[in-house]
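K.L.:
Have a look at this one before I ask anything.
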Amino acid sequence: MMEQDIEAGWLRPLIADRLTPFMEIDAARLQRNLQQMQQKADAAGVALRPHIKTHKSVWIARQQRALGARGVTVSKPSEGVAFILGGERDLLLAYPVVLADTLTELLQVAAENHARITCIADSLNGVSALATSHQQQPTAELAVAIKVDVGLHRVGVDPESDAALTLAEAINAAGLPFAGLVSHAGQAYGAGHPAAICEVARQEIALMRGVQQRLMAAGFTPCPISVGSTPTALAAPVAEGSNEIRPGNYALLDLTAWRLGLCTPDALALSVVTRVVAVNTHYAIIDAGSKMLSSDKGPHGTNASGFGIAVDEQGNQFEVVKLSEEHGFLQFSHQAPAVGALLRIFPNHSCAVVAQSDRFVLRHADGLAEVLNIEGRGKFI
């Protein structure tokens, strides 16, 4: 058992109105998180284009758009299809396309629904694939942004090289609209604390503005800058010179954000409600395993010690130290939770947990709940 901390937002009503395990999103906390990020974007005069890979929910995206979000960011083309069919009309596909057929369905659905698609490219191969896709579906509105590597070293051009200029020229030659620059400072998750995350954000905008200045000097105007990560969006002021921010995890938050000092436990909108099914001298066993919680210990190598924190109705905390597919193992020191007891688990990484379920329970402040679909779940191409 971990140290009891009832006053810090961990303790919430556990309502036994359905079979466990299930994923629960607190409606009031979700709305508060959405409002705070939108207010931050509005105050800075930038667009908020939330990344829906966190929640994958058309309903939540509609709440974001109602508050002022100007489009959404998606991870894969099939996610984009689900969200166009759900009413979105301005999407950024933040994943590199290197095969023209990858976009066939997305561009067809976009054309049928008059949706605008922006794709990213970091290679000439990518620009060629996007051009071919557009030739196959010329009525679709397609623009191309250049992805810049600002330190994660995953996808993107070297900001100190001439690669961005070469790609901008190729985009122009292909007859595709140039949509500016896109970055993701995912390395911020490994920075450890808010001050270090602020430094990551400062470095990101410096690199992006350097690329922007070289492109604008070559005649590529306008050249807007889009940056995106929840750690930088929460820890740092919106960077001067950016035009758009694309955080995703901020909607639900998780233990990773809490451990980084980016939020309090009271802001954690997502949890998993589970039940104790067995107790032995070693562990208390719950009915939520890796197929519910995922085995993710945090994004980009943050690597937590366990798989979540479980809290009972008295506020006692237990670490989820091990998972099998359908079971979780809780460590306890003195008194174990009783067999049959309900527990609430706050997971390491909300994005990974949402990807495990087809539906979620939206819990309102009065205790009533509704079940909503996760339309973007299971979309891989």
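K.L.:
Go through (1) of a type outside the set (Lys, Arg); (2) crowded, with 23+ Cβ neighbours inside 10 Å; (3) not in a strand (DSSP E or B) for Gln135 and report which single condition fails.
P.N.:
(2)
K.L.:
Kindly indicate whether any position in region 259-271 is basic (Lys, Arg), more than 20 Å from the chain's Cα centre (by Cα) and surrounded by fewer than 24 Cβ atoms within 10 Å (Cβ to Cβ). Write out each step before concluding.
P.N.:
First, pick out the residues of region 259-271 that are basic (Lys, Arg): 259.
Then drop every residue that is not more than 20 Å from the chain's Cα centre (by Cα), which leaves none.
Checked against the condition, which is being basic (Lys, Arg), more than 20 Å from the chain's Cα centre (by Cα) and surrounded by fewer than 24 Cβ atoms within 10 Å (Cβ to Cβ), region 259-271 yields no hits at all.
K.L.:
With the condition kept exactly as written, say whether any residue in region 40-47 is within 22 Å of Arg377 (Cβ to Cβ) and in contact (Cβ under 8 Å) with a residue 24 or more places away in the chain. Spell out the reasoning first.
P.N.:
The initial filter retains those residues of region 40-47 that are within 22 Å of Arg377 (Cβ to Cβ), namely none.
No, every residue in region 40-47 fails to be within 22 Å of Arg377 (Cβ to Cβ) and in contact (Cβ under 8 Å) with a residue 24 or more places away in the chain.
K.L.:
Tell me, yes or no, whether region 295-306 has at least one residue that is among the aliphatic types (A, V, I, L, M), surrounded by fewer than 24 Cβ atoms within 10 Å (Cβ to Cβ) and farther than 19 Å from Gln36 by Cα.
P.N.:
Just the residues of region 295-306 that are among the aliphatic types (A, V, I, L, M), to begin with: 304.
Now drop any that are not surrounded by fewer than 24 Cβ atoms within 10 Å (Cβ to Cβ), which leaves 304.
When the remaining residues are screened for being farther than 19 Å from Gln36 by Cα, the result is 304.
Checked region 295-306: at least one residue is among the aliphatic types (A, V, I, L, M), surrounded by fewer than 24 Cβ atoms within 10 Å (Cβ to Cβ) and farther than 19 Å from Gln36 by Cα.
K.L.:
Quick check on Leu152: is it touching a Pro at 6+ places or on another chain (Cβ under 8 Å), modelled with pLDDT of 95 or more and either surrounded by fewer than 21 Cβ atoms within 10 Å (Cβ to Cβ) or part of a helix (DSSP H, G or I) (or both)? Full working, then the answer.
P.N.:
Numbers: touching a Pro at 6+ places or on another chain (Cβ under 8 Å): no; modelled with pLDDT of 95 or more: yes; either surrounded by fewer than 21 Cβ atoms within 10 Å (Cβ to Cβ) or part of a helix (DSSP H, G or I) (or both): yes.
The answer is no for Leu152.
K.L.:
Still on this structure, please answer the following. Just to check your reading of the model, which residue among Phe329, Phe318 is under 24 Å from Gly261 (Cβ atoms) and of a type in the set (A, V, I, L, M, F, W, C)? Full working, then the answer.
P.N.:
Values: Phe329 fails: under 24 Å from Gly261 (Cβ atoms).
When all the criteria are applied, what remains is Phe318.
K.L.:
Of (1) assigned to a loop (DSSP other than H, G, I, E, B); (2) under 27 Å from Ile117 (Cα atoms), Leu181 satisfies all except one. Which?
P.N.:
Of the numbered conditions (1) assigned to a loop (DSSP other than H, G, I, E, B); (2) under 27 Å from Ile117 (Cα atoms), the odd one out for Leu181 is (1).
K.L.:
Can you name the residue in region 292-306 that is farther than 17 Å from Phe22 by Cβ and in contact with a helix residue (DSSP H, G or I) (Cβ under 7 Å, 6 or more places away or on another chain) and is also modelled with the highest pLDDT among such residues?
P.N.:
Restricting to residues being farther than 17 Å from Phe22 by Cβ and in contact with a helix residue (DSSP H, G or I) (Cβ under 7 Å, 6 or more places away or on another chain), the top hit is Asp296.
K.L.:
Would you confirm, using the coordinates I've provided, whether Arg202 is open to solvent by 10 Å² or more (accessible area, probe 1.4 Å), outside any helix (DSSP H, G or I) and of a type in the set (D, E, K, R)? Give the steps one after another, and end with the answer.
P.N.:
Values: open to solvent by 10 Å² or more (accessible area, probe 1.4 Å): yes; outside any helix (DSSP H, G or I): no; of a type in the set (D, E, K, R): yes.
Spelling it out, it is not the case that Arg202 is open to solvent by 10 Å² or more (accessible area, probe 1.4 Å), outside any helix (DSSP H, G or I) and of a type in the set (D, E, K, R).
K.L.:
Exactly one of these conditions fails for Thr274: (1) in contact with an Asp or Glu (Cβ under 8 Å, 6 or more places away or on another chain); (2) of a type in the set (Val, Ile, Thr); (3) over 25 Å from Gln335 (Cβ atoms). Give me its number.
P.N.:
Among (1) in contact with an Asp or Glu (Cβ under 8 Å, 6 or more places away or on another chain); (2) of a type in the set (Val, Ile, Thr); (3) over 25 Å from Gln335 (Cβ atoms), the lone unmet condition for Thr274 is (3).
K.L.:
Condition check: of a type in the set (Asp, Glu) and farther than 19 Å from Ser78 by Cβ. Does Asp158 satisfy that? Before the answer, list the steps.
P.N.:
Details: of a type in the set (Asp, Glu): yes; farther than 19 Å from Ser78 by Cβ: yes.
It is true that Asp158 is of a type in the set (Asp, Glu) and farther than 19 Å from Ser78 by Cβ.
K.L.:
I would also like to ask the following. From the list Val361, Val371, which residue is open to solvent by less than 30 Å² (accessible area, probe 1.4 Å) and within 27 Å of the chain's Cα centre (by Cα)?
P.N.:
On the way: Val371 fails: open to solvent by less than 30 Å² (accessible area, probe 1.4 Å).
From the options Val361, Val371, the qualifying one is Val361.
K.L.:
In addition: I want to confirm something. Restricting to region 317-328 and keeping residues that are under 15 Å from Val276 (Cα atoms) and out of contact with any strand residue (DSSP E or B) (no Cβ under 8 Å at 6 or more places or on another chain), which single residue is most open to solvent (accessible area, probe 1.4 Å)?
P.N.:
To start, the set of residues in region 317-328 that are under 15 Å from Val276 (Cα atoms) comprises 317-324, 326-328.
Of the ones still in play, those that are also out of contact with any strand residue (DSSP E or B) (no Cβ under 8 Å at 6 or more places or on another chain) are 324, 326.
Numbers: Ser324: 44, Glu326: 98 Å².
Looking at residues that are under 15 Å from Val276 (Cα atoms) and out of contact with any strand residue (DSSP E or B) (no Cβ under 8 Å at 6 or more places or on another chain), I get Glu326.
K.L.:
Within region 175-194, identify whether any single residue is open to solvent by 50 Å² or more (accessible area, probe 1.4 Å) and within 24 Å of Leu106 (Cα to Cα), and answer yes or no.
P.N.:
Start the filter on region 175-194 by keeping residues that are open to solvent by 50 Å² or more (accessible area, probe 1.4 Å), which leaves 175, 177, 190, 193.
Next, only the ones that are within 24 Å of Leu106 (Cα to Cα) stay: 175, 177.
Within region 175-194 (the criterion being open to solvent by 50 Å² or more (accessible area, probe 1.4 Å) and within 24 Å of Leu106 (Cα to Cα)), the answer is yes, since at least one residue qualifies.
K.L.:
If you don't mind, another one. Which numbered condition trips up Met216, out of (1) open to solvent by less than 60 Å² (accessible area, probe 1.4 Å); (2) touching a Cys at 6+ places or on another chain (Cβ under 7 Å)?
P.N.:
(1)
K.L.:
Here are some conditions: (1) out of contact with any strand residue (DSSP E or B) (no Cβ under 8 Å at 6 or more places or on another chain); (2) closer than 23 Å to Leu11 by Cα; (3) not polar (S, T, N, Q). Gly308 meets all but one. Which one does it not meet?
P.N.:
That leaves (1) as the condition not met.
K.L.:
What are the residue pairs meeting all of these: first residue in region 199-218, first residue under 14 Å from Val182 (Cα atoms), second residue open to solvent by less than 80 Å² (accessible area, probe 1.4 Å) and basic (Lys, Arg), Cβ atoms under 6 Å, and 6 or more apart or on different chains?
P.N.:
none
K.L.:
For a quick check of your reading of the model, give me the residue pairs whose first member lies in region 253-269 and is within 15 Å of Gln317 (Cβ to Cβ), whose second is aliphatic (A, V, I, L, M) and assigned to a helix (DSSP H, G or I), with beta-carbon atoms closer than 6 Å and at least 6 apart or on different chains.
P.N.:
Pro265/Ala8
K.L.:
Oh, and also: Restricting attention to region 93-108, report how many residues are outside any loop (DSSP other than H, G, I, E, B) and either open to solvent by less than 10 Å² (accessible area, probe 1.4 Å) or under 23 Å from Val227 (Cα atoms) (or both).
P.N.:
Step one: of region 93-108, the residues outside any loop (DSSP other than H, G, I, E, B) are 93, 100-108.
Then drop every residue that is not either open to solvent by less than 10 Å² (accessible area, probe 1.4 Å) or under 23 Å from Val227 (Cα atoms) (or both), which leaves 93, 103, 106-107.
Within region 93-108, residues that are outside any loop (DSSP other than H, G, I, E, B) and either open to solvent by less than 10 Å² (accessible area, probe 1.4 Å) or under 23 Å from Val227 (Cα atoms) (or both) number 4.
K.L.:
If Thr230 satisfies every condition in (1) in contact with a Pro (Cβ under 7 Å, 6 or more places away or on another chain); (2) farther than 17 Å from Lys40 by Cα but one, which is the exception?
P.N.:
Condition (2) is where Thr230 drops out.
K.L.:
Do we find a residue being assigned to a loop (DSSP other than H, G, I, E, B) and within 20 Å of the chain's Cα centre (by Cα) anywhere in region 208-230? Please lay out each step first, then the result.
P.N.:
Just the residues of region 208-230 that are assigned to a loop (DSSP other than H, G, I, E, B), to begin with: 218-224, 228-229.
Keeping just the survivors that are within 20 Å of the chain's Cα centre (by Cα) gives 228-229.
Within region 208-230 (the criterion being assigned to a loop (DSSP other than H, G, I, E, B) and within 20 Å of the chain's Cα centre (by Cα)), the answer is yes, since at least one residue qualifies.
The values are calculated or read from the model by the stated rules, or taken from the named source; none is laboratory data. All of these numbers come straight from a predicted model, not from anything done at the bench. Quick reminder, even Gly has a Cβ in these numbers, built from the backbone with ideal geometry, and neighbours come from all protein chains shown. Heavy atoms of the whole protein, side chains included, go into the accessibility calculation; ligands, DNA and RNA do not. Shrake-Rupley method; radii C 1.70, N 1.55, O 1.52, S 1.80 Å.
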